[in-house]
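Right, one structure below, let's go through it.
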Amino acid sequence: MRAARIHAYGTVIDYRHEDFAAISPTVDVVIDNIGGETLERSLGIIRSGGKLIGLSAPFDTEAAKARGIDAQFLFHQSDAGRLAAVAALAVEDRLQVVIGKQFPLADTIDAFRLLLKGGARGKILVRP
């Protein structure tokens, strides 16, 4: 994905190829689905009184609060109805899962390293 204007509401930035701090030096809201270092760097561009929403994993919100930023982890929990809908899509062969990378069981540590590094596109599979 390349930086693209989305209506009048903001800009989408490809964090892998663009320095988001240089493109948007101060923002009101960051919705982070990467976590780790990217989430930490995001703290530097959110104005005091702004909001940080983390989607990838719970994180320490104290550093954000010290800067006057409302930081929250958004967690979604499925229910039986949603899971049944996903199962129906799978049975109908309409569910498409993107496999980013596969590892043999002997390389499980490498799979976890990729997962912890962040930025993987698609699911990471470990196969026997």
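The values are calculated or read from the model by the stated rules, or taken from the named source; none is laboratory data. Just so it is clear, the model here is predicted, and its values are computed rather than measured. Here the Cβ positions follow ideal geometry from the backbone for every residue, glycine too, while neighbour counts run over all protein chains shown. With ligands, DNA and RNA removed, areas are computed over all heavy atoms of the protein, side chains included. Shrake-Rupley method; radii C 1.70, N 1.55, O 1.52, S 1.80 Å.
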Sulfur and carbon atoms: percent of accessible area, the chain [1.4 Å]: 56 percent
Before I look further, what does the chain give for accessible area per residue, probe 1.4 Å, in whole square angstrom? 75 Å²
Once every DSSP H run of n ≥ 4 in the chain is given -39500 (n - 2.57) and the sum is divided by its residues, what mean residue ellipticity at 222 nm do you get, rounded to the nearest 500 deg cm²/dmol? -8000 deg cm²/dmol
In range of the label at Ser48: residues from segment 69-113 whose backbone nitrogen is under 15 Å from the point 7 Å along Cα→Cβ: 69-70
Leaving out same-chain residues fewer than 8 places away, which lysines sit with a Cα under 17 Å from that of Lys51? Lys65
Inter-site label distance for Asp107 and Ile31 at 7 Å from Cα along Cβ, in nm: 3.4 nm
Excluding same-chain residues fewer than 8 positions from Lys123, which lysines have a Cα within less than 21 Å of its Cα? Lys101
Most mobile of Gly49, Gly118, Gly36 in a GNM of the chain (Cα contacts under 10 Å): Gly49
Pairs of alpha carbons in the chain whose separation is greater than 22 Å (percent): 53 percent
If you stretched the chain out fully between Arg82 and Glu40, how much longer would it get, using 0.36 nm times the residue separation minus the C-alpha to C-alpha distance? 11.9 nm
Helix 108-117 sits at what angle to the longest principal axis of the chain, using alpha carbons and giving 0 to 90 degrees rounded to 10? 30 degrees
